[in-house]
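Visitor: Below: one structure in structure tokens.
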Amino acid sequence: KPLETVEPGEREQEQLNALAAALASDAELKKFAVPTSVGIYSDANDNLIHVLERSHGNTLQSLHNDEAVQYLPELIQFLGLIHSSITPPSPRDTSWKELRKSLRMWARRLDLENENDFIDLLKEALPDRRHMVRKRDAHLGNWLIDEAGRITAIDLDSPKCLPAGHDLAQLIEDGALIPVSNSGFAERYNLFRDYLSFAGIDDSEFPLEATYDW
């Protein structure tokens, strides 16, 4: 994995080690896996590379949606474990800069007449009370089913923070895993509650539906 500086490699090493320790602590979690960091090296041209070792497998993105959706309950558990195991962001961290960057990209795709008004409206609608977690980038291409049948999480460098639930929504919506219907949204909210439980986040005062909808 090419690196511009050693910092992201060291951060991914730390996060992989933390998650591997969590997986080793519970027999039930043997159904999950993460790559092993072999080390950070310089090649013959002094380019930095992070060498990682993982099992062979197929990404969930390569599966038909009907097959990929069957893994959703376990993915929810694994995502919660990732966010409970990796060092949480500082209380001073804010998600708005990262969210605004995505909103600006979407606004341009939508060819809006005034993208700043669109972004301001969404900033105003962003729920106040939300727990922050490290960004996972949880789309279906970042999970694979290895030859032992385990779900393996790949690409775990998480320098940024986002509201809890953002990665869950990315996982579900990027893959169109659940229908857009009243019952589909009820299922989304139930999965969100499961995720928060696995992540150890108290949802009693959490604006769950508003956060997911945002």
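The values are calculated or read from the model by the stated rules, or taken from the named source; none is laboratory data. Keep in mind that what you see is a predicted model, and the values were worked out from it rather than measured. Glycine gets a Cβ as well: all are built from the backbone with ideal geometry, and neighbour counts include every protein chain shown. Note: accessible area is taken over every heavy atom of the protein model, side chains too, but ligands, DNA and RNA are not part of it. Shrake-Rupley method; radii C 1.70, N 1.55, O 1.52, S 1.80 Å.
Visitor: It is to be established whether one or more residues within region 88-96 are over 22 Å from ILE172 (Cβ atoms), touching a residue at least 12 places away in the same chain (Cβ under 8 Å), of a type in the set (Phe, Trp, Tyr) and outside any strand (DSSP E or B).
Guide: yes
Visitor: Something else about it: Which number in (1) open to solvent by less than 30 Å² (accessible area, probe 1.4 Å); (2) assigned to a helix (DSSP H, G or I); (3) not aliphatic (A, V, I, L, M) marks the one condition that HIS50 misses?
Guide: Here HIS50 clears every test but (2).
Visitor: When region 122-141 is examined, which residues are found to be open to solvent by 10 Å² or more (accessible area, probe 1.4 Å) and not hydrophobic (A, V, I, L, M, F, W, C)?
Guide: Within region 122-141, LYS123, GLU124, PRO127, ASP128, ARG129, ARG130, HIS131, ARG134, LYS135, ASP137, HIS139, GLY141 qualify.
Visitor: Which one of VAL38, VAL34 is among the hydrophobic types (A, V, I, L, M, F, W, C), open to solvent by 70 Å² or more (accessible area, probe 1.4 Å), farther than 30 Å from ARG129 by Cβ and modelled with pLDDT of 90 or more? Before the answer, list the steps.
Guide: On the way: VAL34 fails: open to solvent by 70 Å² or more (accessible area, probe 1.4 Å).
Just a single option satisfies the conditions, and that option is VAL38.
Visitor: Next question. I want to confirm something. Restricting to region 160-190 and keeping residues that are over 21 Å from HIS64 (Cα atoms) and within 12 Å of the chain's Cα centre (by Cα), which single residue is surrounded by the most Cβ atoms within 10 Å (Cβ to Cβ)?
Guide: By that ranking, first place goes to GLY165.
Visitor: Something else about it: Taking region 1-47, which residues are free of Cβ contacts under 8 Å to residues at least 24 places away in the same chain, in a helix (DSSP H, G or I) and farther than 23 Å from ASP146 by Cα? Even if it seems obvious, please write down each step before you answer.
Guide: Pass one, region 1-47, residues free of Cβ contacts under 8 Å to residues at least 24 places away in the same chain: 7, 17, 20, 24-28, 36, 38-39, 41-46.
Add one more test, that the residue is in a helix (DSSP H, G or I), and what stays is 7, 17, 20, 24, 27-28.
Listed by number, the list holds a single entry, GLU7.
Visitor: Being open to solvent by 30 Å² or more (accessible area, probe 1.4 Å) and touching a His at 6+ places or on another chain (Cβ under 8 Å), is that true of even one residue in region 57-68?
Guide: Within region 57-68, the first condition is being open to solvent by 30 Å² or more (accessible area, probe 1.4 Å), and the residues that meet it are 57-59, 61-67.
Those still in the list that are touching a His at 6+ places or on another chain (Cβ under 8 Å) too: 61.
For region 57-68, residues open to solvent by 30 Å² or more (accessible area, probe 1.4 Å) and touching a His at 6+ places or on another chain (Cβ under 8 Å): present.
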